[in-house]
Every structure is written in C-alpha cells, then in structure tokens.
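Engineer: The structure under discussion is supplied below as structure tokens; questions concerning it will follow.
Quick note: the coordinates plus some simple rules give every number you see, no bench work behind them. Quick caveat: nothing in here was measured; it's all calculated off a predicted structure. Cβ coordinates were reconstructed from backbone atoms using ideal geometry, including for glycine residues, and neighbour counts include every protein chain displayed.
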Amino acid sequence: MRFETVVRIIMKHSLLWKLLLPVCIVFLIGIVSLSLWIPNLLEKNAVEIAVQNAERTVQQFKVLRGYYSKNVIKKVLSNGTIKPSVDHKGKEGFIPLPATMIHDLSALLNDQGTSMKLYSKYPFPNRSNRTLDDFAKQAWQTLNKRPSETFFQSDVLNGMPIVRVAIADKMVSQVCVGCHNSIAGSPKTDWKVGDVRGVLEVNIPIEGIILKGRELSNTIAFSQAVLLILL
C-alpha cells in the first residue's frame, strides 16, 4: 500500500472519530442524567400522590365523624341515658366519643394497610403517656399557626420509605365544643368552634413507586448504552 493511501485512510478515520466523539459524549451525559433525574422525578411525584391520597383519607374520616357527631352524639346527649366516653369498651350505657371512634377505626384499619393516628397537645387521661416525636411536634406547631395547610415529610419506617402527612383536626361544630368542654376528664374546657383540637396523621408507603422508578431508569440507561455501542 502506498504511503499516500495510508495517510488518506488515517485522516479519514481521524475525521470520523472527531465527528463521533461529541455524539458519544452526549450519549454518555444523557445516560448519567436520566439515571439521576428519573428516580428523583418519580419519587417527587410519589410524594405528591401520597399527600393527595392522605388528604382524601382524612376528609373521609372527617365526614364520617361529622355524621356520627350530628346523628348519634347529639341525640345521645339530649337523651341522657347513654353517655359518650373515651372508656366505652365493654361497658353498658357508653358509646365512643367522635375522637375515640377515630382511634378505634384507625386501629382496625391499620391491619389493612391504612395507617392513621390522631394526637394532640391536650390528650385525654387514658392517652396522657403518649409522647410526640419531632415530626408530630412540628406538625402541631405548624398547623396551629396555619390550620389550612398540609404538613408532610418523607421518612423511613421499619426500613421502608413512607410519606407522613399531617392535617389539622379542628372543632367544626358546637356539638363537639360542648361535649369536650363538659365531659369528665377533658384536659381543656374552653374550646371554641374553629380551634385546632388535634392532628390527623396518615402514613403512606411509597417503596413500590420508588422501585418502579429505579427499574425504569435502568431500562432507559441500558437502551441508551446499547444504542451507543451500535453507533
């Protein structure tokens, strides 16, 4: 092979490599960027969906409790033969308070994957030994100042990623106010309509969505790597 021909081949391949190198770099940057961006995006979406689901769950419980307060507690108080109480289980003549009903239902639904709890700075004596963690304390302080907000935070429970969502539980009717101000053992007796009585917290697991995000990210990265190799 003549020397001039060898030089032309080398120059040709050198030019081709100069054209392909930027493309390869762009592909590599794309692979790394997508691998980092997609999981974060899906986790962010998972948190937003979890907050929306928690808000719907709390609203359903509030509707249920409102119906219970209006159509059960109000009649019981006017009748006088049956009394609402925090200590009602196994006792004749007592029914649960609306807040106690929420606690009881939450315990029943916990086995079915719906984790919800109600806590307050003013607990009844049977729950006075409950201690609030940092999230609960921050939720109480924030929602007392801005009760219309939704307070949430990503966390890990038993090694699984969750979203903790807290919503203010307010005194919405005079029936609730009168009951809490007059019932024996009430830790506070000057409640008014609109006061924040407690915090309703719902824990939503997001592990499944995060795993799907990682799988999607790996699939896209693998596809781009194959395209780069073919190129």
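Engineer: Under a point spin-label approximation (7 Å from Cα along Cα-to-Cβ), what is the residue 190-residue 218 distance to one decimal in nm?
Structural biologist: 6.1
Engineer: Which GluC sites (Glu not before Pro) from the stretch 126-231 combine a DSSP loop assignment with at most 15 other Cβ atoms within 10 Å?
Structural biologist: 149
Engineer: If one puts a single equal scatterer on every Cα of the stretch 115-170 and applies the Debye formula without solvent, what log₁₀ I(q)/I(0) results at q = 0.20, 0.25, 0.26 Å⁻¹?
Structural biologist: -0.80, -1.11, -1.16
Engineer: Quick one: plug the Kirkwood hydrodynamic radius of the stretch 22-130 (C-alpha pairs) into Stokes-Einstein at 25 °C, 0.890 mPa s, and report D in µm²/s.
Structural biologist: Here the translational diffusion coefficient equals 137 µm²/s.
Engineer: In square nanometres and to one decimal, what's the mean projected area of the convex hull around the Cα atoms of the chain?
Structural biologist: 18.3
Engineer: Which angle between 0 and 90 degrees, to the nearest 10, do you get for helix 134-145 versus the longest principal axis of the chain when only C-alpha atoms count?
Structural biologist: 70
Engineer: Could you list the residues of the stretch 153-170 with an amide nitrogen less than 15 Å from a label point located 7 Å from the Cα of residue 49 in the Cα-to-C-beta direction?
Structural biologist: Residues passing the 15 Å test: 162-163.
Engineer: Measure off 7 Å from each Cα along the Cα-to-Cβ vector at residue 94 and residue 109, then give the distance between these two points in nanometres to one decimal.
Structural biologist: The modelled label-to-label distance comes out at 2.5 nm.
Engineer: Could you state the number of Å between the C-alpha centres of the stretch 22-54 and the stretch 128-175?
Structural biologist: The two parts, judged by their Cα centres, are 29 Å apart.
Engineer: Ok, one more. Counting helices only, and only those DSSP H runs with n ≥ 4, report the 222 nm mean residue ellipticity of the chain as the sum of -39,500 (n - 2.57) divided by its residues, in deg cm²/dmol to the nearest 500.
Structural biologist: -19500 deg cm²/dmol
Engineer: Past the 27 Å Cα-Cα mark, which pairs from 117/145; 44/170; 75/137; 121/192; 91/117?
Structural biologist: Those over the limit are 44/170; 75/137.
Engineer: Say each of residue 27 and residue 229 gets a label point 7 Å from the Cα, pointing the same way as Cα to Cβ; how far apart are those two points in nm?
Structural biologist: 1.1
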